[in-house]
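Below is one structure; the comments refer to it alone.
The values are calculated or read from the model by the stated rules, or taken from the named source; none is laboratory data. Just so you know, these numbers come straight off a predicted model, no measurement behind them. As a convention, Cβ positions derive from the backbone with ideal geometry for all residues, glycine included, and neighbour counts pool all protein chains shown.
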Amino acid sequence: MALVVATAPAHAQPAGGGETDGSRNAEQDLVVTARRWSESIREIPDTIQAFSSASLERAGVESISDMTQMVSGFRVVEAQQPGVVLINIRGIGQVRNGESPIAVVVDGVQQNSPNQITQDLLDVERIEVLKGPQGSLYGRNAIGGAIIITTKPPAEEFGGSAEAGYAQGNEFSARATVSGPLGERMGFRLGGSYLNRDGQIYNSTLDTKVDYNEVWAVRGSLVANPVDAVTVDLRGSHYNQEAGASWYRPGPANAPREPVIGNLLGWAERKLTDISGKVEVDLGGPTLTSITAYSKVKSDLFEELDWEPLDLVAATQLLDVEAWSQEFRLTSDDSGPLRWMAGLYYLDTRRFLDTTVYMQPDLTGLPAPIAASRLATRDRNRAYAAFGQLTYKLTDALELTAGLRYDIDRRKQHDLTPPTPTAPTQFKATYRSLQPKFSLAYSFDDGTLAYATVAKGFRSGGFNSNDVVTREFRKEELWSYELGFKTAFADNRLYLNGALFFIDISDRQVAGLDLTTGPAQFIANPIPRSTVRGAEIELNARPLEGLDLSFGGSFLSTRINEYDQSVFAGTAANGDFTGNRLNQVPRYSINAAAQYTAELGGRSRLISRMDVTGWGGDYYWEINNADLQNPVWLFNARLTWEIGDVSVTAFARNLFNRRYDLEFVPVEFAGTVTGEDVGGAAPPRQLGASFKLLF
């Protein structure tokens with residue numbers, strides 16, 4: 001807040017020229033495509049937040065993980081290794097190596113692997129965050145919501161940008177984009193980024209930093225209009241990362257995690273390749289869209305499993321995923337009271353997962369590691385879906401929206417390392433779900449929108465690589481009931497949105513990890529029924545020209561209504577947890593921001609910003625509710641000086657150096673070799689600066 005006040009003159013003048021620097025008020029009128037057609041964000045009968053490229057840049061958002069500082073009720077934890085994330089939105093969580101609770105869609109292509117979610121954002125035009133199940137449009141991985149990412153289109157005139165930065169941890173970064181026309185009916189866009197850092201989390205045993213990271217990425221697009229009625233959009237990207245991994249340290253929850261004391265340096269590699277082709281044909285009314293996409297994910301991990309100075313146990317894990325998808329969609333025009341959309345979707349995924357645990361020399365007394373156990377599987381998944389949605393204006397003020405999607409997910413697994421020669425090696429299952437959605441919205445004369453929404457969400461089941469608890473885990477489904485409103489005051493200088501919701505969850509998926517009997521990562525369904533009750537509020541204000549304030553709050557109450565003790569009966573996590581809170585769901589989460597743009601004359605201006613993020617209350621790490629995370633408050637600050645096409649930014653992440661557990665795994669849910677709880681340290685404070693040039 002000091003940065004904001006220091007740069008605010010007594011009588012601020014209106015910002016001149018161009019966009020309003022990511023004004024949150026201006027963004028309340030953004031045109032979005034969350035429902036697969038273009039409309040104002042204030043017309044959507046759902047809780048939705050959208051952020052323009054300017055707003056994302058001002059807030060320093062560089063990945064989906066950074067969105068937690070702008071979206072309340074949304075948490076992303078990426079601790080063990082790059083790409084392995086635990087996401088929670090409105091109390092709907094993700095388990096390790098499980099399916100995501102949100103659909104992430106980039107330029108119309110739905111990401112099929114959770115490992116793709118946290119890659120760096122490059123050349124983004126807009127991000128839309130939809131809360132609540134969106135299965136009627138996006139299917140099996142939209143049980144908690146959807147994130148729609150739109151990258152920038154080719155520019156009409158040749159131009160681009162170049163940016164370089166330096167930050168603590170000996171971090172160097174660079175980004176560049178170039179775009180322009182290729183004749184009268186074609187344009188291109190090309191971008192690239194590079195980051196190299198030594199890290200900031202110290203290992204005293206190895207005398208080195210463990211959170212090192214090196215990333216390079218490229219993204220390109222080619223858009224053509226061969227004839228007036230046809231648009232062809234070709235896109236491709238590649239992401240390559242080598243980074244530190246698994247810097248856990250033994251100790252109870254909320255204990256100091258630094259320095260790390262393990263004697264083995266964890267490392268991970270992640271390579272992501274995405275190629276897509278979209279063709280849109282204007283049929284003189286409806287528009288036909290075809291999207292064909294290919295993706296490849298390759299991840300390699302080496303990690304210590306005792307996290308002590310002794311060389312006891314280590315593991316490697318290789319993941320290789322390839323996927324093809326095809327979507328056909330027919331969308332009506334926006335004339336008349338009825339708008340509709342219908343489509344078909346197909347996804348073919350092949351996955352190879354290989355996990356090996358090694359007994360190290362200090363455990364065996366031998367000079368070299370010995371492979372103690374190995375689990376390797378090949379999976380083939382085929383998913384089919386038909387979906388549709390229509391919106392009809394019953395009157396000028398009253399609108400009805402109805403959507404329906406039917407998903408079929410056929411899964412096969414081949415066990416390459418059966419425990420005995422006579423054990424089964426082939427496993428098959430099919431998971432189906434019909435996902436309806438209904439919304440009724442009423443627009444009052446003053447512009448206020450009130451709505452009621454009922455929707456169903458679905459997350460597919462699947463197979464574990466072992467049968468320590470269960471070989472197959474069931475699908476998870478839920479029903480969500482929401483009442484909400486969107487309104488504005490003071491000549492649109494103050495926007496207020498709010499929602500109340502109730503979520504009824506069946507067969508919630510829960511992860512387990514047993515390191516004492518081998519590499520036994522597993523997913524099970526010990527919670528037949530659980531519920532989430534919640535309220536959310538979003539406030540955006542511009543009290544004076546150049547000053548933008550925002551506040552978001554999420555308040556959740558969760559409960560395990562039924563618990564099946566037999567599921568984890570043979571593990572250290574046995575017990576009756578009926579009546580407990582769901583794990584990794586904070587009772588409250590808050591995000592607030594203040595941004596001020598001071599015009600200095602000519603083409604010069606100073607932009608200061610402070611972001612505050614906090615969460616706490618009932619944030620239990622596991623369903624036994626034995627270990628509680630203390631409340632966490634984080635502050636980020638940025639100061640940007642723009643002079644024409646040149647800008648210089650100074651920034652601070654985690655300004656007050658709040659130390660906390662990024663992830664914590666109690667021994668009851670890990671079965672660690674040493675019999676201790678373990679946790680991973682969150683990133684410390686980081687100060688840095690960057691320089692950007694537009695041309």
Let me confirm something: among E322, E327, which residue is part of a strand (DSSP E or B) and over 25 Å from D300 (Cα atoms)? E327
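Just give me the residues in region 257-279 being more than 21 Å from the chain's Cα centre (by Cα) and within 26 Å of D362 (Cα to Cα), in sequence order.
Listed by number, the residues that qualify are R257, E258, P259, V260, I261, G262, N263, L264, L265, G266, W267.
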Just name the residue that is modelled with the lowest pLDDT out of those in region 439-465 that are in contact with a helix residue (DSSP H, G or I) (Cβ under 9 Å, 6 or more places away or on another chain) and over 25 Å from E99 (Cβ atoms). G447
Just to check your reading of the model, which residue among D407, D348 is in a strand (DSSP E or B), of a type in the set (D, E) and buried (at least 19 other Cβ atoms within 10 Å of the Cβ)? D407
Just a yes or no: is a residue in region 370-386 on the phi < 0 side of the Ramachandran plot, surrounded by 15 or more Cβ atoms within 10 Å (Cβ to Cβ) and in a loop (DSSP other than H, G, I, E, B)? no
For region 45-97, give me the residue count where each residue is of a type in the set (A, V, I, L, M), in a loop (DSSP other than H, G, I, E, B) and under 30 Å from F444 (Cα atoms). 2
May I ask you to say which residue of S443, S465 is among the small types (G, A, S), surrounded by 15 or more Cβ atoms within 10 Å (Cβ to Cβ) and more than 28 Å from the chain's Cα centre (by Cα)? S443
Report yes if some residue within region 214-228 is surrounded by 17 or more Cβ atoms within 10 Å (Cβ to Cβ), touching a strand residue (DSSP E or B) at 6+ places or on another chain (Cβ under 6 Å) and farther than 30 Å from T331 by Cα; otherwise report no. yes
Checked region 420-432 for anything in contact with an Asp or Glu (Cβ under 8 Å, 6 or more places away or on another chain), of a type outside the set (S, T, N, Q) and free of Cβ contacts under 8 Å to residues at least 12 places away in the same chain; matches are A423, P424
Please enumerate the residues belonging to region 544-565 that are at pLDDT below 95 and part of a strand (DSSP E or B). L544
Given the conditions (1) surrounded by fewer than 16 Cβ atoms within 10 Å (Cβ to Cβ); (2) out of contact with any Asp or Glu (no Cβ under 6 Å at 6 or more places or on another chain), and given that W324 satisfies all but one, which numbered condition is not satisfied? (2)
Checked region 484-507 for anything surrounded by fewer than 21 Cβ atoms within 10 Å (Cβ to Cβ), hydrophobic (A, V, I, L, M, F, W, C) and closer than 12 Å to E536 by Cβ; matches are F485, L496, L500
Every residue from region 245-295 that is hydrophobic (A, V, I, L, M, F, W, C), part of a strand (DSSP E or B) and either touching a Leu at 6+ places or on another chain (Cβ under 6 Å) or over 23 Å from N657 (Cβ atoms) (or both): W267, A268, L272, I275, V279, V281, L288, I291, A293
Scan region 636-695 for residues that are in contact (Cβ under 8 Å) with a residue 60 or more places away in the chain, under 25 Å from R609 (Cβ atoms), of a type in the set (D, E, K, R) and surrounded by fewer than 21 Cβ atoms within 10 Å (Cβ to Cβ) and jot them down. R659, R685, K692
Which residue pairs have Cβ atoms under 6 Å apart, sit 6 or more places apart or on different chains, and have a first residue in region 322-345 that is basic (K, R) and a second that is part of a strand (DSSP E or B) and surrounded by 16 or more Cβ atoms within 10 Å (Cβ to Cβ)? R329/T289; R329/G343; R339/T391
If the Cβ limit is 6 Å and pairs must be 6+ apart or interchain, which residue in region 384-400 that is farther than 20 Å from S433 by Cβ pairs with which residue that is among the acidic types (D, E) and surrounded by 14 or more Cβ atoms within 10 Å (Cβ to Cβ)? K393/E399
Taking only region 572-598 into account, find how many residues are β-branched (V, I, T), surrounded by fewer than 23 Cβ atoms within 10 Å (Cβ to Cβ) and part of a strand (DSSP E or B). 1
For region 152-165, which positions are surrounded by 15 or more Cβ atoms within 10 Å (Cβ to Cβ) and part of a strand (DSSP E or B)? G160, S161, E163, A164, G165
If I filter region 466-516 down to residues being of a type in the set (S, T, N, Q), in contact with a Phe, Trp or Tyr (Cβ under 8 Å, 6 or more places away or on another chain) and farther than 27 Å from G552 by Cα, which single residue comes out as modelled with the lowest pLDDT? N466
Taking G680 as the residue in question, decide whether it is at positive phi and in contact with a strand residue (DSSP E or B) (Cβ under 9 Å, 6 or more places away or on another chain). no
Condition (residue is within 23 Å of S299 (Cα to Cα), at pLDDT 95 or above and not in a strand (DSSP E or B)) applied to region 180-198: is it met by at least one residue? yes
Of all the strands (runs of 3 or more DSSP E) wholly in region 629-695, which have at least 1 residues that are in contact with a Lys or Arg (Cβ under 8 Å, 6 or more places away or on another chain) and more than 30 Å from V313 (Cβ to Cβ)? 632-643, 646-653, 686-694
